[in-house]
Amino acid sequence: MSGTKRSRRDFLKTIGGVGTGLAVAQLGAAALPLPSNSATYLGGFIAPKLDLIKIAIIGCGSRSGTHQNHLSSFEGTEIVGLCDLYPDLTEKAKARVLRQGKGERHLGVKLYSGDPDIYKTMLAETKPDLVYVVTPWVTHAAMCIDAMKAGAHVCSEVPLTTSLEESWKLIETAERTQKHCMMLENVNYGREELLYLNLCRQGVLGELLHGEAAYIHDLRGQMRHVERGRGTGSWRTAHWAQENGNLYPTHGLGPVAQYMNIARTEDNFRRLVSFSSPARNHELYAKKHLKADSPVNQINFSAGGDMNTSVIKTMLGRTIMVQWDESSPRPYSRLNLIQGTKGTAAGFPNRIALDYGKGDGLPEALFSALAGKKNHTNSHHWHNNLAAFYAAYEHPLYTRVGAMAKKLGGHGGMDAIMNFRVIECIRTGQPLDQNLYEGCLWSAVTPLSRKSVAEDGMPQDFPDFTRGNWKTTAPLGIIG
């Protein structure tokens, strides 16, 4: 067996690969003892400015291409290392970086491949200032910890962690090394999400009482990756088969949490209850679309669940419904609903309803557009055309960089805004828009929901990863 094939086999074992006797490591929900109270809290952490940021990327698969394009094109960056299990992906990544970078600053990029631990060599040899982790879920926390120990700031794809134990270890390392550790929750930078955040900050929706978040995305086709032993589905299928809970909560939950100032002065998650539907759709899809002798058709999916619904109760008593479903035949949705005493904003499709009378404080142009000749807006009616809302409350960050985001792309430009802000904050000495504790908190829905489902919906308490410091952590500002 070749070295690359052997490494691939060992790697799949490490992350819970699929096949007969498939098993995924069920990382525990029990928290470690709290870090010392003397640890330096990083809620509003500002690192020393870096005019030139040396960047290394771990993982060069499909998701990584967007980051490669953006990071190589921004001013003040140098891509120094690219790492993946597969040599061909690192070669393609290098070509992309050199093409997109349009200059000589990335010519010294080094390539690393062929072994699951080769990224450690890259960290030691290239000495990056910033590392992007774009790999399977269960590797994120360990790679982030290794990157910080090597002296780098780190940004990880979602989720940041898969267990509470990982979160505490990540926090301990970040606080000890004084390094940024941010989860790359790109959805927080969508134009609509930024608009809704601004509406919440300006008080347009009134007192916030309820939110709804989801990741509903039919990904059954990714199971074909199991047959070739490569691609997202080659490892994601294992999670579908063996874990029962909300396995991917942060895309929907991140924006709603920021609308509500969760873990930032105002409120925090308190507890969660969770239930799942039976698991049917993966097995039915595999039987219909894949060959009978496909390894996917040898997998028992009954331990999972197709639709998971969790409800979070906050310290202030507010509620958030969080749903996850990657197997049902229905259109994509993140729900993205935020509800207050003066109105509600929702997504998929985007729509807003308000309860305002003339003179209640809504900008005159917006009020006229919504109320027409009446003296009151109709809260029984959704306004599906958001043009008037954008005119009155467009987020200033989108006003500043929206054109750039559209040009660079990535989920409609949200990826470009996110990556731009990471680089801008590190270069200019600002706190990152998403702190480490938020990433751990949003990711905690996975282990807590698994435990709640296993206990027939019993409530599970969220750890306070900030050890009380959320009460004095400034809300995310409406930056321009």
Checklist outcome for this item: The relative contact order of the stretch 272-341, taking Cα pairs under 8 Å that sit 6 or more residues apart, comes to a percentage of 32
Checklist entry - Could you give the angle, 0 to 90 degrees to the nearest 10, between helix 140-149's Cα long axis and the longest principal axis of the Cα atoms of the chain? => result 80
Checklist entry - Dividing the convex hull volume of the Cα atoms of the stretch 120-198 by its residue count, what figure in Å³ per residue is obtained? => result 109
Checklist entry - In degrees between 0 and 90, to the nearest 10, how far off the longest principal axis of the chain does helix 191-201 point, with axes built from Cα atoms? => result 50
Checklist entry - Highest mean first, what order results for 50-58, 153-161, 356-364, 427-435 on Cβ atoms within 10 Å? => result 153-161, 50-58, 427-435, 356-364
Checklist entry - According to the Cα gyration tensor, what semi-axes, each the square root of 5 times an eigenvalue, does the equivalent ellipsoid of the stretch 336-441 have, listed from largest to smallest in whole Å? => result 32, 16, 14
Item to check | 29 Å Cα-Cα threshold exceeded, pairs from Lys102/Lys127; Lys451/Lys471; Lys110/Lys291; Lys291/Lys406; Lys287/Lys406; Lys127/Lys407 | outcome: Lys110/Lys291; Lys291/Lys406; Lys287/Lys406; Lys127/Lys407
Checklist entry - For the stretch 329-480, what relative contact order do you get, as a whole percent, if you take Cα pairs closer than 8 Å and at least 6 residues apart? => result 14
Item to check | Projected area averaged over orientations for the chain, convex hull of C-alpha atoms, nm² | outcome: 22.9
Next on the checklist: Considering just Cα atoms, how many Å³ per residue does the convex hull of the stretch 153-222 enclose?
Outcome noted: 172
Checklist entry - Per the 1.4 Å probe, what fraction of the accessible area of the chain, in percent, lies on carbon and sulfur atoms? => result 52
Checklist entry - Using Cα pairs under 8 angstrom and six or more residues apart, how large is the relative contact order of the chain, in percent? => result 21
Next on the checklist: Net charge within 10 Å of Met418 by Cβ-Cβ distance, Lys/Arg positive one each and Asp/Glu negative one each, not counting Met418 itself?
Outcome noted: -2
Item to check | Label point distance in nm, Lys406-Gln298, each placed 7 Å from Cα along Cα→Cβ | outcome: 5.1
Checklist entry - Can you list the HN-Hα couplings for the stretch 404-420, worked out from phi with the Karplus curve (6.51, -1.76, 1.60; θ = phi - 60°), rounded to whole Hz and with x for Gly and Pro? => result 4, 4, 4, 5, 7, x, x, 6, x, x, 5, 4, 5, 5, 4, 5, 4
Checklist entry - What does the charge count near Leu272 come to, summing +1 for each Lys or Arg and -1 for each Asp or Glu among other residues with Cβ under 10 Å from its Cβ? => result +3
Checklist outcome for this item: Mean Cβ-within-10 Å packing, highest first, puts peptides 437-447, 377-387, 185-195 in the order 437-447, 185-195, 377-387
Item to check | Per residue, in Å², the accessible surface of the chain once ligands and nucleic acids are set aside, probe 1.4 Å | outcome: 40
Next on the checklist: How charged is the neighbourhood of Pro159? Take every other residue with its Cβ under 11 Å from the Cβ of Pro159, and add Lys/Arg as +1 and Asp/Glu as -1.
Outcome noted: -3
Item to check | MRE, 222 nm, helices only [DSSP H, n ≥ 4, -39500 (n - 2.57), over the chain, to nearest 500] | outcome: -11000 deg cm²/dmol
Checklist entry - What whole number of Å gives the distance from the Cα centroid of the stretch 424-473 to the Cα centroid of the stretch 335-404? => result 30
Next on the checklist: Need the list of aspartates and glutamates near Lys92 for cross-linking: C-alpha distance under 19 angstrom, and skip anything on the same chain fewer than eight residues off.
Outcome noted: Glu78, Asp84, Glu104, Asp115
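The values are calculated or read from the model by the stated rules, or taken from the named source; none is laboratory data. The structure displayed is predicted, hence computed values, not measured ones. Backbone-built Cβ (ideal geometry, glycine too); neighbour counts: all protein chains shown. Note: areas computed on protein heavy atoms with side chains; ligands, DNA, RNA excluded. Shrake-Rupley method; radii C 1.70, N 1.55, O 1.52, S 1.80 Å.
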